[in-house]
Amino acid sequence: MKGVVTTAGSGFFSQTHQPAEKDAACLAIARRRKVQIVGKTNLTEFAISPSGMNEYFGTPVNPLKRSLIPGGSSSGNAVALASGMADVAFGTDTAGSTRVPAACCGIVGLKTTFGLIPIQGVYPVEPHLDTVGPMAKDIDHTVQGMELLQDGFAAKYAAAKAAKPTAGSIRVGRLKLTGTDPKVDQAIDDALAKTGFQVVDLDASLSDKFEQAKKDGTAVAAAGAWISDGRFEFALGVAARTKSVIQFGQINYTTGYRSALARRSAWQRTLSKVFEKVDLIALPTLQKTPPGLPLLNLRVGIMEAHLLQVQNTVAANFAGNPALAIPVPMRRGKVPTSLQLIGPRLSEADLLNAGRLVEDAVKR
């Protein structure tokens, strides 16, 4: 943002960097429309940790339950939206950084198609995965956020609503993964049934391929932390938590980065074939309910490693496909879980239309 230091959640950057000379490209429409920009939000340092914790500026407090992590990296966005401080936020999503905090804080997060929204001026993590997308408390405001990122999106959304005004015409492939909390799976199934989608069970072979894509996407995203931030591995003023993620990335860069990227086109082809049979894929955003903050503020990557295992987000980044996270209630649960819908490339309007139908159904 012109005139503001791009801290990337880092106290080290806040002290050593100069204010930006111009806006990131993704702010252009919002500036033209004179949108009121409330402020910039907190995040995990360098946007490379899924917990949302920050040693410098303090960890944003989850409004659903103070003892839970807010999720990251865009933790400040999710907390600001869930608390009513803003209507729309822009976040970046490399491996789940809009959808994980959305899942933890009970809001909506949209990961856009890779390459759809310009990333010039965005602090980089991994060039094959980085995307910009909107976050909001509900679907209507998420649509507004997309319209501020892509001129003409509101018309695309209106067309998607007109084409499929009810859920009965939408085919949703239900993907189930080993290790998911049965209560989370039940909440996803309840939401899909209540909405009235045509639900198609996807076979176990896709689950295996999804798990491989998750491993590969995690390896590429982690390596990106090393590519972008390796120069800070031993820098004074950078948090030990961040350094542990960078070191993990260095290992991935040397052991699995290139082989993972070599499998990306096969995963993209797999998803393309699935979308010949269904319109969208449904699964939990997180396999378990959001974990609690550690009793001691651990400055190592234990929490981050755990979240990499329970998030179902990075496979969409690895393919470049758009994906939506939307809160859905759990039976006898005090906090919601999150339904993730994955669509074909450039299906953001269809995803948000399906999200609208889910949102309306689960509120009834």
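The values are calculated or read from the model by the stated rules, or taken from the named source; none is laboratory data. Since the model is a prediction, treat every value here as computed from it, not as a measurement. When we count neighbours, we look across all protein chains shown, and the Cβ atoms used for this are built from the backbone with ideal geometry, even at glycine. Note: accessible area is taken over every heavy atom of the protein model, side chains too, but ligands, DNA and RNA are not part of it. Shrake-Rupley method; radii C 1.70, N 1.55, O 1.52, S 1.80 Å.
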inquiry  = Largest first and in whole Å, what are the equivalent-ellipsoid semi-axes of region 219-313 based on the Cα gyration tensor, each being the root of 5 times an eigenvalue?
reply    = 30, 21, 8
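Determine the per residue accessible area of region 30-140 with all protein chains present and a 1.4 angstrom probe, expressed in square angstrom.
Averaged over the residues of region 30-140, the accessible area is 36 Å².
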ask   = Extent of region 40-86 along each principal axis, from alpha carbon coordinates, in Å, largest to smallest?
value = 25, 23, 16
ask   = With labels modelled as points extended 7 Å from the Cα through the Cβ direction, what inter-label distance (nm, one decimal) is found for Ala262 paired with Lys161?
value = 4.8 nm
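Rounded to two decimals, what is the ratio between the C-alpha radius of gyration of region 151-274 and 2.2 N^0.38 Å?
Ratio of Cα Rg to 2.2 N^0.38 Å: 1.46.
Hey, any idea what the orientation-averaged projected area of the convex hull of region 64-207's Cα atoms comes to, in nm²? Numbers along the way, then the final one.
Details: hull surface 41.6 nm².
Computed as one quarter of the Cα hull surface, the answer is 10.4 nm².
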For region 184-194, 3J(HN,Hα) per residue [Karplus equation, 6.51 cos²θ - 1.76 cosθ + 1.60, θ = phi - 60°, Hz, x = Gly/Pro] = 5, 4, 4, 5, 5, 4, 4, 5, 5, 5, 5
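So, with a 1.4 angstrom probe, what is the percent of accessible area on region 12-124 that is carbon and sulfur?
Heavy-atom surface of region 12-124 belonging to carbon and sulfur, 1.4 Å probe: 54 percent.
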message = Test of understanding: express the Cα radius of gyration of region 87-136 as a ratio to 2.2 N^0.38 Å, with N the residue count.
response = 1.07
Within region 27-46, backbone nitrogen closer than 19 Å to the virtual label 7 Å beyond the Cα of Met85 toward Cβ = 36-46
note = Measuring from its Cα centre, the chain shows a charge dipole (+1 at each Lys and Arg Cβ, -1 at each Asp and Glu Cβ) which, in debye to the nearest 20, is 340 debye
query = Taking the alpha-carbon centroid of each part, what is the distance from region 320-341 to region 256-308 in angstrom?
reply = 15 Å
remark   = Under the helix-only model (-39500 (n - 2.57) for each DSSP H run of 4 or more, divided by the residues of the chain), the mean residue ellipticity at 222 nm, to 500 deg cm²/dmol, is -12500 deg cm²/dmol
inquiry  = Using C-alpha positions alone, give me the convex hull volume of the chain per residue in cubic angstrom.
reply    = 122 Å³
key: Förster radius 35 Å - calculated FRET efficiency between Phe57 and Thr178, Cβ distance, rounded to 0.05   = 0.40
remark   = Diffusion coefficient in µm²/s returned for region 155-195 by Stokes-Einstein, Kirkwood Rh over C-alpha pairs, 25 °C and 0.890 mPa s, is 200 µm²/s
query = For Ser14 and Phe234 in one chain, what is 0.36 nm times their gap in residues minus the Cα-Cα distance, to one decimal in nm?
reply = 77.4 nm
message = Give me the base-10 log of I(q)/I(0) for region 1-133 at each q in 0.17, 0.19, 0.21 Å⁻¹, Debye formula, one uniform scatterer per Cα, rounded to two decimals.
response = -0.89, -1.13, -1.37
remark   = Hydrodynamic calc, region 286-335: Kirkwood Rh from Cα pairs, then Stokes-Einstein at 25 °C with viscosity 0.890 mPa s, so D in µm² s⁻¹ is 184 µm²/s
remark   = In units of 2.2 N^0.38 Å, the Cα radius of gyration of region 295-364 is 1.40
task = Enumerate the calculated ³J(HN,Hα) couplings along region 326-343 in order (Karplus 6.51 cos²θ - 1.76 cosθ + 1.60, θ = phi - 60°), each rounded to whole Hz, writing x wherever the residue is Gly or Pro.
result = 9, x, 9, x, 9, 4, 6, x, 7, 10, x, 9, 9, 8, 10, 10, 10, x
message = So if I take the centroid of the Cα atoms in region 203-233 and the same for region 141-175, what is the distance between those two points in Å?
response = 29 Å
note = Sorting Leu81, Gly115, Val35 by the position of each Cα along the dipole of region 1-120 (Lys, Arg +1; Asp, Glu -1; all at Cβ), the one nearest the positive end of that ordering is Val35
